[in-house]
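The values are calculated or read from the model by the stated rules, or taken from the named source; none is laboratory data. The structure displayed is predicted, hence computed values, not measured ones. A quick note on method: Cβ atoms are made from the backbone with ideal geometry, for glycine too, and the neighbour counts reach across all protein chains shown.
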Amino acid sequence: MNAMALIKIAKTCEADAIHPGYGYLSESGSFAKMVEESNLNFVGPPSGVVSLMGDKLACNSLMKKMNIPLLEGYCDTKQDDESLKRAARKVGFPLVIKPALGGGGKGITLVRGEECFSALLAKAKRESLSCFGDSHVILERYVHRFKHIECQIACDKHGHILHLSHRDCSIQRRFQKIIEEAPAVLPMSVERAMQRIAAKIAKRVQYVGVGTVEFILDCAKQKFYFMEMNTRLQVEHPVTESIIQLNGKPLDLVCLQLSIAMGLSIQGYGKRLKVAGHAIEARVYAENPSSGFVPQSGRVHFLKADSTLPQIRIDSVIKTGDRVFSEHDPMIAKVIARGGSRRETIRSLLQAVETYTVIGIENNLSFLRRCLSIRDFQMGNFDSNFVKSHSKELMRPIESFWKYNALAAMVISTWCHKGGTSNMYQALRNFRVNTSFSHEYKYYSPFLQEEITFWIEKASYPMRLDQNLPMLSYKITAKFENAISGSTSVADSKTFLVAIISSKSSSTSEDLSSECAKASYEVIIDESEKVSFRSFVYMETETRKVSLLFLDGSVHSLQSTVKALPLQECSEDPKKESKVRSPISGRVARLCVSSGSTVRCGDVLLYMHAMKMEHEVRSKSDGVIRYFVKENEAVSSNSLIASIVPEKSI
C-alpha cells in the first residue's frame, strides 16, 4: 500500500483524519507517525503505542515487567540461528515460531521436534520478512488445546476505559480464524480476570481508541495467557456490534472510533450499554480446504448471496465478474448472523451459508456448512483443534470426488469434442446421440491438485432407471497421474457408467460473467446405486474449466490441460513421468534442490509466495527432478513447474 499517496489524497480533499481500516497499515506505527506529522488525525492510538504493541519483543518485555501471565518462550534481540536453537531447547518442543512484528496469525510456524527446527526457522524468517519487512521472530510453548479469546475495549483521550464484551475465535486453520462468535462462553471468574488485565494494559500504555486484547486459554490447565494486543478494528468486529446496544441502538464500533478520535468522552457509556443475544461470523475464503487451505485466485463467474434473510449481515465488495488476485488476502466475504440464543444464531447462519454460492474460484463455503453442522460445534464443545479433530467430517469424501469428476469430465469432454462450441446445451444434446465418441482426456483437479486421465467411451450395455426405457450410457474411467495426493491415499483408478436423463440450456443473465456458458442437466451414475445428480454447469469458454454446482450447494471444478486424442492414438509413457503443477498463482520464493537431484515422496520441492503467505510444494513420487521455473518467477495456478522421472527409467 502506498502510504504517501493516501496522505496526499487526504490533504487534497481537505480531510481531517485517516481511518486505516484493518489491513497492514492499521498496524503500522510508521504510517501512524506519518499521519501525525502531516497534521492529520490517525483514527487509532498514538503512533508510539501502535509500534510498541505491534513489536512482540518490546511488548512481551513490558508485559513481563507488569506481571502479566505469558507463555514460556523466548523474546530477545539475539536472532542468530544458534541463539534461537538454544532457546528452543530450553522452551521445549513442540513450540511455535511467530514473527516479532506480525499479527493476524500470519507467519506462525509449528515446530514439533528439534530435528526440523532449523528448516522451519528459515521458512518462518522468510515469511516474516516477506509479510512484515522484518525477519525477527519469537518462540513460544505450543498449547495443544486452547481457546482463542478476545476482549474488546475502547479508551478515550480522557482516561476512561469501556469493556465491550469478548469473542471466541478458536475455530482456525493455519492459526488464522474461520469462525468467530460473541460472547464467548466463559466462567465468570475467567471473564472478569481477563477484563482486569485488558484494562491494566490499556491504562499502562495510555491507549486511545478501539482495541482488542487477545488471550490463549489453556483448556487442560484452565489458565490463560496474554497473546497480543491488536491496536485496530478487528475483522470480526461485527459480532460485537451485533450483541451490544448503546442507548437502545446497535453499537457502531467505527462510529465509536471516530467519536474518540474527535476527543469526545465515553464516560457513562457503560451504564447505557446492554449486551444481549448471540452472534457468529463465518469468513468466506478463496481457498481449497481439501488441499491444506491453499489460497486460490481467478475470476468470479457467478455469485449469489441472500442478504435479505432475517438477522443476517453480509460484508463483501466482491461481485460477479470480479477477479481475486494472488497479491491479496484470500478472504472475500464475511457472513454474520444474530439471534436470541446460540442455537438460533447457528440455524440462521447455516441457512445464509447454504444459500451463498460462488462459481469460478475454489472457496470454503462447503467447508463452512460442515463446520456449522457438526454436533460438537453446535454444542459448544470445541477448541483450537476443532478442524484437525473433525477432518474426516469436514473434508469432501473421495467417493463424491470421483463422481463429481466423472460428471465434469463428461461435460468438458463433450465440449472439446464438438470443437469448443460456445453453445454448451447443443454440445450436451449431441453428446447423448453421438455413438462413436471414444477419447482420452487429461484434466487438472483443483480438489486434489492432480492431473487425471479420463477415458470416455460408449458403454457396452445401456443403463436403466427403475422401469424406464434403457438410456444411452457412457463408461468413464479415471486414472491418477500420481497414486498419492498429499496425505490422502486413493485408488489408482475408478470406472463409472454415466447417462444423461435430461438437459436444458439457460440463457446468460446479468448474474453470470460473459466468459461462461450455463446449462442444467440431470444424470445417473451407475445403475447399481440408482442415484441421480442434478447440477448447473458453468463453463469458462477460454480456459475450458468446468464448474458444477450441485443442489447441496457444493461446487466441483475440472480444467482441461491438453487437447483430446482418439484412444487408438494414445500410448503409455514408459518413463511414467510425474508432473508437478503449481497449486496457486504466485511467485517462486525458493527452489529447495537443483535440477537433476534425486527427491523422495514428501520432500519439499519449492516454496511459493502468494496472498502474503508462504506455501510449500511437496513431491508426490520418488525420482529425479527437473524444474521448469526459476526463483522469483511469477507462475499461474495449474502451470507446469517441474517433472519427476523414476531413477530406473533414466
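Here are the numbers:
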| quantity | calculated |
| --- | --- |
| Qualifying positions in region 256-282 - surrounded by fewer than 21 Cβ atoms within 10 Å (Cβ to Cβ) and part of a strand (DSSP E or B) | Leu273, Lys274, Val275 |
| Residue within region 594-611 that is at negative phi, modelled with pLDDT under 90 and surrounded by 20 or more Cβ atoms within 10 Å (Cβ to Cβ) present | yes |
| Near pairs, Cβ below 7 angstrom, 6+ apart or cross-chain, from region 281-298 (closer than 20 Å to Leu349 by Cα) to any residue that is among the small types (Gly, Ala, Ser) and not in a loop (DSSP other than H, G, I, E, B) | Val284/Ala333 |
| Residue match in region 196-208 (condition: under 29 Å from the mean Cα position of the chain (by Cα), surrounded by 18 or more Cβ atoms within 10 Å (Cβ to Cβ) and hydrophobic (A, V, I, L, M, F, W, C)) | no |
| Residue in region 114-137 that is in contact (Cβ under 8 Å) with a residue 40 or more places away in the chain, buried (at least 17 other Cβ atoms within 10 Å of the Cβ) and hydroxyl-bearing (Ser, Thr, Tyr) present | yes |
| Which numbered condition Asn67 misses (of (1) in a loop (DSSP other than H, G, I, E, B); (2) crowded, with 16+ Cβ neighbours inside 10 Å) | (2) |
| Which listed residue is out of contact with any strand residue (DSSP E or B) (no Cβ under 9 Å at 6 or more places or on another chain) and either surrounded by 15 or more Cβ atoms within 10 Å (Cβ to Cβ) or among the hydrophobic types (A, V, I, L, M, F, W, C) (or both), from Ala100, Ala58 | Ala58 |
| Selection count where residues are modelled with pLDDT of 95 or more and either among the small types (Gly, Ala, Ser) or more than 17 Å from His163 (Cβ to Cβ) (or both), scope region 237-248 | 2 |
| Whichever residue in region 619-641 is among the small types (Gly, Ala, Ser) and touching a strand residue (DSSP E or B) at 6+ places or on another chain (Cβ under 6 Å) and, among such residues, is nearest to Phe325 (Cα to Cα) | Ala634 |
| Enumeration of residues in region 608-624 that are in contact with a helix residue (DSSP H, G or I) (Cβ under 8 Å, 6 or more places away or on another chain) and either in a loop (DSSP other than H, G, I, E, B) or of a type in the set (Phe, Trp, Tyr) (or both) | Lys612, Asp622 |
| Unique residue being outside any strand (DSSP E or B), under 24 Å from Asn364 (Cα atoms) and at pLDDT below 70 when the list is Asp552, Asp573 | Asp552 |
| Some residue of region 237-255 being crowded, with 18+ Cβ neighbours inside 10 Å, part of a loop (DSSP other than H, G, I, E, B) and at negative phi | yes |
| Checking Glu140 against (1) more than 24 Å from the chain's Cα centre (by Cα); (2) part of a strand (DSSP E or B); (3) surrounded by fewer than 22 Cβ atoms within 10 Å (Cβ to Cβ), the condition it does not meet | (3) |
| Single residue of region 309-338 satisfying the filter (of a type in the set (Ser, Thr, Tyr) and crowded, with 18+ Cβ neighbours inside 10 Å) that is nearest to Ile280 (Cα to Cα) | Thr320 |
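Residue-wise test of (1) touching a Ser or Thr at 6+ places or on another chain (Cβ under 9 Å); (2) at pLDDT 95 or above.
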residue	(1), (2)
Asn67	no, yes
Ala87	no, yes
Ile97	yes, yes
Ile108	no, no
Gly113	no, yes
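Yes/no per residue for (1) farther than 27 Å from Val546 by Cβ; (2) in a loop (DSSP other than H, G, I, E, B):
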{"residue": "Ser307", "(1), (2)": "yes, yes"}
{"residue": "Arg338", "(1), (2)": "yes, no"}
{"residue": "Glu344", "(1), (2)": "yes, no"}
{"residue": "Gln351", "(1), (2)": "yes, no"}
{"residue": "Glu362", "(1), (2)": "no, yes"}
{"residue": "Ser384", "(1), (2)": "yes, yes"}
{"residue": "Val387", "(1), (2)": "yes, no"}
{"residue": "Lys392", "(1), (2)": "yes, no"}
